[in-house]
Amino acid sequence: MMPGTITERHTAEAITPVAIRDLTGAERTVALYVSDMPNGRRNHANEQVRAWIVQGAERLGMEELRRRAEYFRGWRLLDMHGLATAQIQARHEQRFPKANRLIWADKTAAGNISREGMTEATRLRNGAAAVDGDCPCHGTGGIPVQTPFPDGSLMMLCPVHRRAEIDAHHRARRAGH
């Protein structure tokens with residue numbers, strides 16, 4: 001098997017190699033979190049980081065790795081906007097009980113991405129996110145915002161369920177439209 005590949009088991013007999021470049025940032029983070037990577041801040045050779053990513057991905061399998069990565073990404077989007085509900089936070093903490101390990105895994109994954117890169121298809125799905133629990137938008141894509149105006153009701157776009165629209169808005173602003 002080539003260095004930097006993992007195996008995805010579709011059946012007991014069929015094994016398909018998957019290159020690390022086919023893993024999103026969140027997938028690499030989750031793989032590192034569940035691997036034997038030591039806790040704590042240390043710099044490790046890229047070959048070792050690749051081995052831990054392979055190990056973590058093999059432990060979970062591709063389906064579970066992607067599921068956890070999407071929940072991690074969804075939690076992060078809500079959390080950075082102060083929108084993670086108690087239920088979403090609790091499920092996140094159950095999935096990732098060691099917060100400092102998750103931070104270190106995420107930083108290590110980011111370094112791996114800068115060295116390894118991603119395929120174009122992976123880059124396009126890199127922002128995939130899901131919510132494990134009651135999203136503040138209740139699946140509508142809009143979150144009510146308190147306003148000082150008695151008759152005004154504003155809605156913000158949900159950072160998980162309206163990610164494509166938010167990204168399109170940012171692209172248009174950068175393009176000067």
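The values are calculated or read from the model by the stated rules, or taken from the named source; none is laboratory data. Not measured: the values here are computed from a predicted model. Cβ coordinates were reconstructed from backbone atoms using ideal geometry, including for glycine residues, and neighbour counts include every protein chain displayed.
Residues checked against (1) touching a Leu at 6+ places or on another chain (Cβ under 9 Å); (2) modelled with pLDDT of 90 or more; (3) surrounded by 11 or more Cβ atoms within 10 Å (Cβ to Cβ); (4) in a loop (DSSP other than H, G, I, E, B):
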{"position": "ALA105", "(1), (2), (3), (4)": "yes, yes, yes, no"}
{"position": "ALA109", "(1), (2), (3), (4)": "yes, yes, yes, no"}
{"position": "ARG123", "(1), (2), (3), (4)": "no, yes, yes, no"}
{"position": "ILE143", "(1), (2), (3), (4)": "yes, no, yes, no"}
{"position": "PRO150", "(1), (2), (3), (4)": "no, no, no, yes"}
{"position": "PRO159", "(1), (2), (3), (4)": "yes, no, yes, yes"}
{"position": "ARG174", "(1), (2), (3), (4)": "no, no, no, no"}
Filter the stretch 38-54 down to the residues that are among the aliphatic types (A, V, I, L, M) and within 10 Å of ARG28 (Cβ to Cβ) and list them by number. VAL49, ILE53
Among the residues of the stretch 72-81, is there at least one that is outside the structural domain of CYS158 (by TED's automatic domain parsing) and in contact with a His (Cβ under 6 Å, 6 or more places away or on another chain)? yes
Under 7 Å between Cβ atoms, at least 6 apart or on separate chains: pull out the pairs that start in the stretch 93-107 with a residue that is within 14 Å of ASN43 (Cα to Cα) and in the same structural domain as GLU27 (by TED's automatic domain parsing) and end on any residue that is part of a helix (DSSP H, G or I) and of a type in the set (S, T, N, Q). ALA105/THR29; ASP106/THR29
Tell me, which helices (runs of 4 or more DSSP H) wholly within the stretch 24-94 include 2 or more residues that are at pLDDT below 95? 46-60, 62-79
Regarding ALA128, is this residue within 29 Å of ALA90 (Cβ to Cβ) and at pLDDT 85 or above? yes
